[in-house]
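Asker: Here you go, one structure.
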Amino acid sequence: MITAGVDVGNKYTKVVVMKDGQVLSKYMVLSGFDQQQAAEEAYTRALAEAGVAREEVRCVLATGAGKGAVTFANDTITEVGADAKGAVFLFPSGRTIIDVGAEEGRAIKCDEKGRIVDFAINEKCAAGAGSFTEAMARALEVPLEEMGPLALQSSKVIPMNAQCAVFAESEVVSLIHSRVTKEDISKAVHDAIASRIISMARRVGVEKDLVMTGGVGRNVGFVKALGEGLEMAVLVPGEPEYVSALGAALAAAERAAG
Amino acid sequence: MFANYGYKDGSGEFFISVDTGRCAGCPDKGCVEACPEQVLEVITDDYDDQVIAVREEHRKKIKYSCAPCKPTGGTKEIPCVAACRLGGLRHSW
Amino acid sequence: MVVNQADKPKEYWRWTEYNWFDPSRDWRKAKIISGGVDVGSVSTQAVIMLDGELYAYSNMRTGSDSPDSAIKAMKWAMENTGMKMEDLTYTVGTGYGRVNVPFANKTVTEIACHARGANYMYGSTVRTVLDMGGQDCKAIRCDEKGKVVSFLMNDKCAAGTGRGMEVFANLLAVSIEEVGEMSLQVEKEPPPVSSTCVVFAKTEATGLLRAGWPKERVLAAYCSAMAHRVVSLLERNGVERDFAITGGIAKNIGVVSRIEKELNLKALKPRYDTQIAGALGAALFAKALVEKGKG
């Protein structure tokens, strides 16, 4: 049976096409301002890559902030539901999932079947999401993907006072003026966002194993800060940004099977 | 005076309100000790009253500072509010 | 004639600095010369009062060095008056950088100073003061003496502050001094920008521009979002007549008129520069302290 999951995030739209528990293809496009078009494009491309015709797909589930824009989906699934399902599929020992995307951060506690026990969400504030790192990268004049590796080269602890991405940009600029290195600033940025995510995660209670998903999972600086803060190993899948779409595709298979 | 410390951002409203009229008359200020995160302190305000306030370093992050006392699972009593016998302390969230 | 202004990126957020003094009065005849300095994160104001009456003030951008900004502002307020720093009887520092006013005899919080300053500027009937500064927003209720009854300050988040407006001025390439007026040039009020967070609101506005919205409409949507946010803070603290708005954004007619509309309450017309409320309150505290013998 072939199913698909579509995750329309604030920044990227991801599609996973699966057949009998195996991933056939993945595709990702920028969500842009027309989410419906982005979903259509990503889906068409993913199907082409998998060599599958539309009518062969039994069930499509949409998730993510823009899930309502996926007109071709059979139904939707909550972001936390998709997250947990995908994460436990990849790491069966996962009990706590931390998902940090561009505009949202989530901490989810689940059981061995990927069913949700509890969760907490930080949304609508850039300080608790990937956008924070992005804004700081701009202030530092460093490409976003270099922020993580830069942070790894520092071991200094510099507290950041600003709790708002806009104010933190000015703080970064003044740190640059006072000759703090880019490495140290980058670490301070990741420590700051990780501490916010950690206190959110502690509200749900953090249990082993800890899985990190979402695009920010690619950021080694953040993952390190998270692991150190929680004093716990962090399991990160190879392509953390696809976990929700994968979870949606898995849930689609369960629903189609009835 | 009602002193509101905290903030409102996109994710919600997070304020700790102190009724300084009641607080000034409290001899022991048990709330300060009751807080496991040392969020509160005793200050002399602009009108020379001895009252409690949220420490400066916590004012912009009380959502996070107070998180340990607000687990998602249970609505257990907030220690600082429970310690205030005069009803002079309130959390908005 | 075509003027090429593209050589240097224009700083749309930059506003004009200024100073003022009353040449009709002689400070040498005053018994108490009290000073007030409000070192904000964005701007610094200095006020000089002669026996409790406003005499001189200045308003300038806060530099990277707060003590230096405080001295500069006070010296600028004294410009052309013949006054020197040592002529000040007593000075109170306030604002975010209040601990960095080297010549201040005492510091007082900005909440207490704003209430006191508004009481002087708008009269004793003022009960609610909204101060919208560069990096914060304060809602204050006070009594007929300018004593604070309740307050709420939001300095964690850029939404609802001058800084948020600066981000939009830059994004739309419109001078900060013109955004208010421009936001009123719409036939019908658009729905407010839905994101509170300035970072997300900026993304949203970029989308609106791409969808063909004129700048005026985008500004209207942002000003109304800001007004809505500020009103919700005011209401949490309680709103009573009379109502006054201070701070830099009090000069933004686009935000002020929308706050008035949402509250269904007119703000008192300012008789003084709205940005000096904090420094003025500080100078009033300074005078009172001298009189109480604490000076």
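Asker: Residue by residue through the stretch C:242-266, note down the ones that are over 16 Å from C:Gly133 (Cβ atoms) and of a type outside the set (Lys, Arg).
Answerer: Matches in the stretch C:242-266: C:Asp242, C:Phe243, C:Ile253, C:Gly254, C:Ser257, C:Glu260, C:Glu262, C:Leu263, C:Asn264, C:Leu265.
Asker: Filtering the stretch A:114-151 down to residues that are among the small types (Gly, Ala, Ser) and touching a Ser or Thr at 6+ places or on another chain (Cβ under 9 Å), which residue is nearest to A:Ile185 (Cα to Cα)?
Answerer: That would be A:Ala151.
Asker: What single numbered condition from (1) free of Cβ contacts under 8 Å to residues at least 12 places away in the same chain; (2) among the basic types (Lys, Arg); (3) not in a loop (DSSP other than H, G, I, E, B) fails to hold for A:Arg203?
Answerer: Going through (1) free of Cβ contacts under 8 Å to residues at least 12 places away in the same chain; (2) among the basic types (Lys, Arg); (3) not in a loop (DSSP other than H, G, I, E, B) one by one, A:Arg203 breaks only (1).
Asker: Could I ask something else about it? Looking at C:Ala173, C:Ala205, C:Ala158, can you tell me which residue is on the phi > 0 side of the Ramachandran plot and in contact (Cβ under 8 Å) with a residue 24 or more places away in the chain?
Answerer: C:Ala173
Asker: Scanning the stretch C:266-295 for residues that are out of contact with any Ser or Thr (no Cβ under 7 Å at 6 or more places or on another chain) and of a type in the set (Lys, Arg), which turns out farthest from C:Thr91 (Cα to Cα)?
Answerer: Among them, the one singled out is C:Lys266.
Asker: (1) within 21 Å of the chain's Cα centre (by Cα); (2) among the small types (Gly, Ala, Ser); (3) surrounded by fewer than 17 Cβ atoms within 10 Å (Cβ to Cβ): which one isn't true of C:Ala173, the others all being true?
Answerer: Of everything listed in (1) within 21 Å of the chain's Cα centre (by Cα); (2) among the small types (Gly, Ala, Ser); (3) surrounded by fewer than 17 Cβ atoms within 10 Å (Cβ to Cβ), C:Ala173 misses just condition (1).
Asker: Right, something else. Collect the residues in the stretch C:198-227 that are at pLDDT below 95 and either under 30 Å from B:Asp19 (Cβ atoms) or basic (Lys, Arg) (or both), keeping them in residue-number order.
Answerer: Of everything in the stretch C:198-227, just one residue is at pLDDT below 95 and either under 30 Å from B:Asp19 (Cβ atoms) or basic (Lys, Arg) (or both), namely C:Arg210.
Asker: Restricting attention to strands (runs of 3 or more DSSP E) lying wholly within the stretch A:53-136, give those where 2 or more residues are out of contact with any Asp or Glu (no Cβ under 6 Å at 6 or more places or on another chain) and farther than 20 Å from A:Leu250 by Cα.
Answerer: In the stretch A:53-136, the matching strands (runs of 3 or more DSSP E) lie at A:104-110, A:116-123.
Asker: With the condition being within 14 Å of chain A (Cβ to nearest Cβ) and of a type outside the set (Lys, Arg), I'd like the strands (runs of 3 or more DSSP E) fully within the stretch B:1-84 carrying at least 1 qualifying residues.
Answerer: B:2-9, B:12-19, B:50-54
Asker: Sticking with this structure for a sec: Determine, yes or no, whether C:Gly180 is modelled with pLDDT under 95, buried (at least 19 other Cβ atoms within 10 Å of the Cβ) and under 18 Å from the mean Cα position of the chain (by Cα).
Answerer: No, not satisfied.
Asker: So which of B:Gly12, B:Gly88, B:Gly6 is surrounded by fewer than 20 Cβ atoms within 10 Å (Cβ to Cβ) and either touching a Leu at 6+ places or on another chain (Cβ under 9 Å) or small (Gly, Ala, Ser) (or both)?
Answerer: B:Gly12
Asker: Identify the residue in the stretch A:29-57 that is surrounded by 22 or more Cβ atoms within 10 Å (Cβ to Cβ) and within 21 Å of the chain's Cα centre (by Cα) and, among all such residues, is nearest to C:Gly207 (Cα to Cα).
Answerer: A:Ser31
Asker: Next question. Among the candidates A:Leu210, A:Leu152, single out the residue that is within 22 Å of A:Tyr242 (Cβ to Cβ) and touching a helix residue (DSSP H, G or I) at 6+ places or on another chain (Cβ under 9 Å).
Answerer: Exactly one residue qualifies, and that residue is A:Leu210.
Asker: Part of a helix (DSSP H, G or I), in contact (Cβ under 8 Å) with a residue 24 or more places away in the chain and at the interface with another protein chain (Cβ under 8 Å from one of its Cβ atoms) - does that describe any residue in the stretch C:215-226?
Answerer: Scanning the stretch C:215-226, I find no residue that is part of a helix (DSSP H, G or I), in contact (Cβ under 8 Å) with a residue 24 or more places away in the chain and at the interface with another protein chain (Cβ under 8 Å from one of its Cβ atoms), so the answer is no.
Asker: If we only count strands (runs of 3 or more DSSP E) wholly inside the stretch C:121-166, which ones have 2 or more residues that are away from chain B (no Cβ under 11 Å) and in contact with a strand residue (DSSP E or B) (Cβ under 7 Å, 6 or more places away or on another chain)?
Answerer: Here the list reads C:128-132.
Asker: Do we have any residue at all in the stretch A:212-229 that's surrounded by fewer than 21 Cβ atoms within 10 Å (Cβ to Cβ), in a loop (DSSP other than H, G, I, E, B), of a type outside the set (Asp, Glu) and in contact (Cβ under 8 Å) with a residue 12 or more places away in the chain?
Answerer: no
The values are calculated or read from the model by the stated rules, or taken from the named source; none is laboratory data. These numbers come from a predicted model, not from an experiment. Every residue, glycine as well, gets a Cβ built from its backbone with ideal geometry; the counts of neighbours run over all protein chains shown.
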